[in-house]
Amino acid sequence: MILSKIASLLNVRSSFGSVLSLILLSAFFITIGVDHFRNPNFYLNIMPQQWPLKLEAVYVSGFFEILGGVCVIFHQLRKLAGWGLIALLIAVYPANIHMAVNYHLFPDISQTMLYFRLLLQFLFAYWVYRTTISKKLQVTH
């Protein structure tokens, strides 16, 4: 009963997986976005030194992660938010490549984990696509 009401509010299929996927996706991006404002030094350090406007990029990406995380909750904005989050994941991918290639700059993170992060970006993009753009979770009227 509660699940079907939540699913109806979110306009997704009335299954635990559909509801959970959307809520976790939203929470994930909002949390990571907020972290950009709370811990900007981490994000500054993962970008190559020669990149301009690094602090601005940290705040802009954090803002759009929060915005995307909020917007995926609203059915009318979900698909647009999904494409925006996928674009954001693509935009930050070079910083993840920089971390993996320059693993010696990040002694607190194992080289394996740095390369695993590259794979995670694809999994996150798939999660966003599956939850926001694919018709599999949408309610059919």
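The values are calculated or read from the model by the stated rules, or taken from the named source; none is laboratory data. Note that the coordinates shown come from a computational prediction; the quantities given were computed from them, not determined experimentally. Neighbour counts are summed over all protein chains in view; Cβ atoms, including those assigned to glycine, are modelled from backbone coordinates with ideal geometry.
For segment 28-50, the criterion of being surrounded by fewer than 18 Cβ atoms within 10 Å (Cβ to Cβ) and under 17 Å from TYR129 (Cα atoms) is met by at least one residue. Can you name the condition, by its number, that GLN76 falls short on among (1) closer than 21 Å to TYR126 by Cα; (2) surrounded by 13 or more Cβ atoms within 10 Å (Cβ to Cβ); (3) modelled with pLDDT under 95? (2) is the only condition that GLN76 fails. Residues that are within 19 Å of MET99 (Cα to Cα), assigned to a helix (DSSP H, G or I) and polar (S, T, N, Q) within segment 24-57 comprise ASN41, ASN45, listed in sequence order.
Every listed requirement among (1) in contact (Cβ under 8 Å) with a residue 12 or more places away in the chain; (2) assigned to a helix (DSSP H, G or I); (3) among the hydrophobic types (A, V, I, L, M, F, W, C) is met by VAL60 save one, (1). Within segment 84-113, residues that are crowded, with 16+ Cβ neighbours inside 10 Å reach partners that are assigned to a helix (DSSP H, G or I) and of a type in the set (Phe, Trp, Tyr) with beta carbons closer than 6 Å, at six or more positions or on different chains, in the pairs LEU88/PHE64; LEU89/PHE124; ALA100/TYR115.
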